[in-house]
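Chemist: Dumping the structure here so I can ask a few things about it.
The values are calculated or read from the model by the stated rules, or taken from the named source; none is laboratory data. These numbers were taken from a predicted model, which means no experiment stands behind them. All Cβ positions, glycine included, derive from the backbone under ideal geometry; neighbour counts span all protein chains shown.
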């Protein structure tokens with residue numbers, strides 16, 4: 001009796017919680033509303049199944065509870081019922097899988113006109129690289145990484161000379177332009193994830209991975225690392241700013257290229273990134289793995 | 001299935017395997033410590049697993065304290081937090097659930113349920129436990145070595161698992177890998193026993209399609225484990241080489257904190273494939289015994305045969321087979337070739353069909369039953385609703401593109417805790433309440449049991465159901481502290497506090513359960529023989545608890561399946577499997593028509 005009641009409360013309560021709770025998707029800022037639609041379909045199909053099974057069970061517990069003198073029915077199988085349920089379940093599964101695979105095909109097919117950018121990860125920060133005026137990213141290799149060349153670009157590759165390097169600073173993206181994000185890591189697994197864009201992919205040392213999306217509204221978004229990468233994992237953040245085209249161009253003019261950075265680094269103490277690195281190397285064990293507060297300032301301006 | 005009168009089933013093939021002479025222990029030590037009796041080994045496994053499981057429970061309290069009340073507990077550093085989650089996950093999945101279902105329930109129930117005197121290789125069975133204990137001790141030792149246990153996450157992904165930025169790099173990870181290798185060696189010795197015993201030592205009349213579903217579940221899960229664990233074994237050995245000998249199986253060229261390491265050419269994704277080739281079947285290694293046991297609990301306590309027995313057996317076999325071709329659904333955003341997504345999403349969603357059939361058949365077993373809401377039944381019903389909830393969120397994560405935003409968020413944490421944490425543990429509780437009288441001769445205390453049930457069932461649901469919604473917001477998993485994050489509302493912190501409080505309460509209820517286990521051993525109400533009036537063989541032994549060798553002079557002979565409950569025409573509402581057709585008491589008024597009993 002109590003159990004039947006609790007089952008009903010649990011099922012109805014879950015539905016009410018789903019409808020009324022304040023916790024739901026962060027408002028979307030990319031073209032991947034297809035993903036949200038697929039989730040909505042999945043919620044409907046699975047939600048109906050959950051409610052139906054829960055309420056049916058509550059009914060059974062109430063209706064067929066033990067009473068003096070009653071006896072259970074004897075029915076080993078019911079082929080027709082079992083086949084019927086199998087077919088309906090298969091249809092339900094197909095109803096979720098079909099849109100899922102359709103959208104997945106879009107997700108992995110990058111439009112030809114997409115701009116290419118690169119995100120490079122290391123413990124525990126993101127850096128960014130844009131292809132520069134020639135529109136082509138220069139080649140890179142983990143073996144080239146040094147304090148002068150923290151991105152590990154190939155210094156002899158002409159395509160890389162005009163690449164725009166954004167070391168440990170905010171990334172800006174133009175509005176409504178599809179962008180293919182190439183992902184690279186020099187030490188361990190990381191993941192570049194902006195919840196509002198819905199897309200994410202692991203960054204794997206030794207290979208280049210990708211995803212693509214189109215930013216659909218301007219704003220400042222926080223990206224986080226979504227693959228465990230060591231003690232500082234929870235501090236690994238970056239900021240992505242989506243701009244109108246004019247604001248984007250203004251920002252782009254202020255950035256320096258690989259060629260400029262290399263010249264500057266040779267004349268000074270090295271880049272910000274390499275400074276951060278050398279600090280970590282020389283620090284005590286505590287400061288190497290210690291608490292690094294999340295970078296907040298760039299969101300507050 | 002045809003209904004026939006019992007007389008036509010009375011022919012039994014002669015025994016193909018001779019009855020065996022067991023080793024008879026002569027001293028306390030050989031009887032209870034270096035024991036070769038599967039029942040004693042089962043209890044050794046269970047006690048060890050529950051003991052280490054309590055450690056995992058305490059670890060989970062600490063991790064929840066950190067998540068619910070960040071900046072409050074100075075002894076939980078970021079390193080410690082990663083160590084907590086790693087050890088909690090590994091202990092729960094491997095050292096508690098796998099060991100308890102297969103080493104514990106498998107050892108106790110397989111020989112009794114198939115009508116054997118013991119496992120077929122009792123000495124190897126004994127070794128299995130002692131190697132398992134050694135694995136647990138090595139694991140525990142890693143808490144105390146310099147640098148502490150590994151904090152690589154229970155998935156142990158390289159490169160970070162063996163790099164300096166992860167806690168436990170110096171010794172913790174080595175002991176973890178060694179402990180896993182030992183566990184697998186120990187398990188293999190036990191697992192071969194379970195499989196061969198089911199295949200070779202069934203008593204006369206116990207055909208495969210008359211076995212209780214508990215045995216089917218444990219049997220198929222063991223086959224999965226024997227095929228899946230070797231992948232983890234080689235993964236562990238190769239990572240050990242990478243860590244100790246400087247090989248580069250999983251290690252590409254790496255610059256760590258500005259310093260170039262002497263690795264190159266290896267693939268981190270290779271480890272992920274090996275890990276999940278083990279890791280996904282592992283989910284079913286834990287789930288299938290649970291499926292089997294819960295089927296039997298529902299049937300006994302609803303006084304009704306399990307609905308669609310043959311479909312249930314085939315569903316177990318099909319799920320087991322499919323579980324080997326879905327592993328990369330854990331890797332949709334790993335950077336593997338994205339075209340794999342089409343195949344693995346399809347295979348993953350197909351597995352939902354046989355799983356759903358099992359759920360329908362459990363619920364249809366309740367339909368028109370005679371439901372006794374005993375403690376095992378309460379847990380069994382709680383299992384169904386929890387499993388359905390956890391199973392349907394698997395349809396989100398399995399459907400490749402839906403997984404993209406949700407993977408590595410709290411949604412995943414909520415999903416797998418619901419489906420392979422809470423659900424199997426509810427079955428374990430139900431099973432312990434069900435078989436405790438058989439093992440000890442006493443009943444567990446009812447009042448404590450009800451308290452334990454309600455707090456655990458409702459509490460666990462309150463912990464994990466809202467947690468999914470943190471994942472929708474985008475709250476990542478394995479974060480020591482979320483800090484101020486632009487997209488996470490402050491109310492999420494309130495929800496985290498609530499979850500932590502619920503987790504502490506549910507954890508405390510387990511202390512009541514453990515107390516009940518010990519208290520009832522001495523003070524519990526004495527159980528009558530076969531207190532649940534069950535049909536399966538383990539309740540039909542001459543003594544209760546069953547003595548060494550299980551059966552008296554003669555092995556039992558089986559005449560029927562394990563589900564002859566409420567058979568029309570029979571006087572009793574259950575017919576034990578070893579009850580000969582001519583001994584079935586006929587109910588008044590049915591003398592002419594006889595008893596209709598299912599026979600296959």
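Chemist: Consider residue A:93 carefully, then state whether it is buried (at least 19 other Cβ atoms within 10 Å of the Cβ) and within 11 Å of chain B (Cβ to nearest Cβ).
Modeler: The answer is yes for residue A:93.
Chemist: Which condition does residue B:491 not pass, out of (1) touching a strand residue (DSSP E or B) at 6+ places or on another chain (Cβ under 6 Å); (2) free of Cβ contacts under 8 Å to residues at least 12 places away in the same chain, if it passes all the others?
Modeler: It fails just one condition, (1).
Chemist: Go through the stretch A:214-227 and give me each residue that's in contact with a helix residue (DSSP H, G or I) (Cβ under 7 Å, 6 or more places away or on another chain) and either under 18 Å from residue B:481 (Cβ atoms) or outside the structural domain of residue A:172 (by TED's automatic domain parsing) (or both).
Modeler: Scanning the stretch A:214-227 gives A:222, A:225.
Chemist: Same structure, new question: Any idea which of (1) at pLDDT 95 or above; (2) in contact with a strand residue (DSSP E or B) (Cβ under 9 Å, 6 or more places away or on another chain) is the one residue B:574 doesn't satisfy?
Modeler: (1)
Chemist: Would you check if residue B:527 is in contact with a strand residue (DSSP E or B) (Cβ under 8 Å, 6 or more places away or on another chain) and away from chain A (no Cβ under 14 Å)?
Modeler: Considered against the rule, which asks whether it is in contact with a strand residue (DSSP E or B) (Cβ under 8 Å, 6 or more places away or on another chain) and away from chain A (no Cβ under 14 Å), residue B:527 comes out as yes.
Chemist: For residue A:115, indicate whether it is over 30 Å from residue B:164 (Cβ atoms), more than 29 Å from the chain's Cα centre (by Cα) and more than 12 Å from every other protein chain (Cβ to nearest Cβ).
Modeler: Criteria not met by residue A:115.
Chemist: Could you tell me which residue of the stretch B:19-49 is modelled with the highest pLDDT, considering only residues that are surrounded by fewer than 20 Cβ atoms within 10 Å (Cβ to Cβ) and in contact with a helix residue (DSSP H, G or I) (Cβ under 8 Å, 6 or more places away or on another chain)?
Modeler: B:43
Chemist: Moving on. I'd like the residue in the stretch B:244-258 that is within 7 Å of another protein chain (Cβ to nearest Cβ) and in contact with a helix residue (DSSP H, G or I) (Cβ under 9 Å, 6 or more places away or on another chain) and, out of all such residues, is surrounded by the most Cβ atoms within 10 Å (Cβ to Cβ).
Modeler: B:254
Chemist: Moving to a separate point now. Which of the residues that make up the stretch B:86-98 are surrounded by 24 or more Cβ atoms within 10 Å (Cβ to Cβ) and more than 14 Å from residue B:139 (Cα to Cα)?
Modeler: Of everything in the stretch B:86-98, just one residue is surrounded by 24 or more Cβ atoms within 10 Å (Cβ to Cβ) and more than 14 Å from residue B:139 (Cα to Cα), namely B:97.
Chemist: Quickly run through the stretch A:130-171 and pick out the residues that are in contact (Cβ under 8 Å) with a residue 40 or more places away in the chain and closer than 18 Å to residue A:251 by Cα.
Modeler: Correct list: A:130, A:132, A:162, A:163, A:164, A:165, A:166, A:167, A:168, A:169, A:170, A:171.
Chemist: Which condition number in (1) under 25 Å from the mean Cα position of the chain (by Cα); (2) surrounded by fewer than 18 Cβ atoms within 10 Å (Cβ to Cβ) is the one that residue B:145 fails?
Modeler: Checking residue B:145 against (1) under 25 Å from the mean Cα position of the chain (by Cα); (2) surrounded by fewer than 18 Cβ atoms within 10 Å (Cβ to Cβ), the one that fails is (1).
A quick yes/no check of all residues on (1) surrounded by fewer than 23 Cβ atoms within 10 Å (Cβ to Cβ); (2) more than 13 Å from every other protein chain (Cβ to nearest Cβ); (3) touching a strand residue (DSSP E or B) at 6+ places or on another chain (Cβ under 7 Å); (4) touching a residue at least 24 places away in the same chain (Cβ under 8 Å):
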| residue | (1), (2), (3), (4) |
| --- | --- |
| B:219 | no, yes, no, yes |
| B:227 | yes, yes, no, yes |
| B:231 | yes, yes, no, yes |
| B:262 | yes, no, no, no |
| B:266 | yes, no, no, yes |
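Chemist: Do you know which residues across the stretch B:472-481 are within 7 Å of chain A (Cβ to nearest Cβ) and part of a loop (DSSP other than H, G, I, E, B)?
Modeler: B:474, B:478, B:479, B:480, B:481
Chemist: Within the stretch B:495-507, is even one residue buried (at least 18 other Cβ atoms within 10 Å of the Cβ), in a loop (DSSP other than H, G, I, E, B) and either touching a residue at least 40 places away in the same chain (Cβ under 8 Å) or under 23 Å from the mean Cα position of the chain (by Cα) (or both)?
Modeler: no
Chemist: Of all the residues that make up the stretch B:282-322, how many are outside any helix (DSSP H, G or I), in contact with a strand residue (DSSP E or B) (Cβ under 7 Å, 6 or more places away or on another chain) and buried (at least 24 other Cβ atoms within 10 Å of the Cβ)?
Modeler: 3
Chemist: Let me ask another. Considering (1) surrounded by 24 or more Cβ atoms within 10 Å (Cβ to Cβ); (2) farther than 14 Å from residue B:453 by Cα, say which one residue B:383 fails and leave the rest.
Modeler: The single condition residue B:383 does not satisfy is (2).
Chemist: Give just the number: which of (1) buried (at least 23 other Cβ atoms within 10 Å of the Cβ); (2) assigned to a helix (DSSP H, G or I) does residue B:369 not satisfy?
Modeler: Here residue B:369 meets the rest and fails (2).
Chemist: A follow-up question, please. I need the full set of residues from the stretch B:372-388 which are within 7 Å of chain A (Cβ to nearest Cβ) and outside any loop (DSSP other than H, G, I, E, B), in order please. Talk me through it step by step, then tell me what you get.
Modeler: Of the residues in the stretch B:372-388, the ones within 7 Å of chain A (Cβ to nearest Cβ) are B:372-373, B:378, B:381, B:384-385, B:388.
Within the stretch B:372-388, B:378, B:381, B:384, B:385, B:388 qualify.
Chemist: Considering only the stretch A:26-40, state which residues are under 15 Å from residue B:411 (Cβ atoms) and surrounded by 17 or more Cβ atoms within 10 Å (Cβ to Cβ).
Modeler: If the condition is that a residue be under 15 Å from residue B:411 (Cβ atoms) and surrounded by 17 or more Cβ atoms within 10 Å (Cβ to Cβ), then A:26, A:35, A:38, A:39 are the ones that fit.
Chemist: Still on this structure: Just to be sure, is residue A:44 over 30 Å from residue A:214 (Cα atoms) and in a helix (DSSP H, G or I)?
Modeler: no
Chemist: With respect to residue B:269, is the statement that it is at pLDDT 95 or above and over 24 Å from the mean Cα position of the chain (by Cα) true?
Modeler: Details: at pLDDT 95 or above: yes; over 24 Å from the mean Cα position of the chain (by Cα): yes.
Yes: the conditions hold for residue B:269.
Chemist: Would you pick out the residues in the stretch B:482-492 that are touching a helix residue (DSSP H, G or I) at 6+ places or on another chain (Cβ under 8 Å) and part of a loop (DSSP other than H, G, I, E, B)?
Modeler: Answer for the stretch B:482-492, where residues must be touching a helix residue (DSSP H, G or I) at 6+ places or on another chain (Cβ under 8 Å) and part of a loop (DSSP other than H, G, I, E, B): B:482, B:483, B:486, B:487, B:488, B:489.
Chemist: Where residues in the stretch B:310-357 are without any contact (Cβ under 8 Å) to a residue 24 or more places away in the chain and under 30 Å from residue A:207 (Cα atoms), which of them is nearest to the other protein chains (Cβ to nearest Cβ)?
Modeler: Filtering first and then ranking leaves B:338.
Chemist: Read through the list (1) modelled with pLDDT under 90; (2) within 30 Å of residue B:148 (Cα to Cα); (3) in contact with a helix residue (DSSP H, G or I) (Cβ under 6 Å, 6 or more places away or on another chain), then give the number of the only condition that residue A:276 fails.
Modeler: (3)
Chemist: Of all residues in the stretch A:23-71, how many are in contact with a strand residue (DSSP E or B) (Cβ under 8 Å, 6 or more places away or on another chain) and either closer than 26 Å to residue A:104 by Cα or without any contact (Cβ under 8 Å) to a residue 12 or more places away in the chain (or both)?
Modeler: Filtering the stretch A:23-71 down to residues in contact with a strand residue (DSSP E or B) (Cβ under 8 Å, 6 or more places away or on another chain) leaves A:29-32, A:60-61, A:64-66.
Next, only the ones that are either closer than 26 Å to residue A:104 by Cα or without any contact (Cβ under 8 Å) to a residue 12 or more places away in the chain (or both) stay: A:29-32, A:60, A:64, A:66.
Counting residues in the stretch A:23-71 that are in contact with a strand residue (DSSP E or B) (Cβ under 8 Å, 6 or more places away or on another chain) and either closer than 26 Å to residue A:104 by Cα or without any contact (Cβ under 8 Å) to a residue 12 or more places away in the chain (or both) gives 7.
Chemist: OK, next. Which helices (runs of 4 or more DSSP H) sit wholly inside the stretch B:391-465 and have at least 1 residues that are within 13 Å of another protein chain (Cβ to nearest Cβ), under 20 Å from the mean Cα position of the chain (by Cα) and surrounded by fewer than 23 Cβ atoms within 10 Å (Cβ to Cβ)?
Modeler: Helices (runs of 4 or more DSSP H) meeting the threshold: B:410-417.
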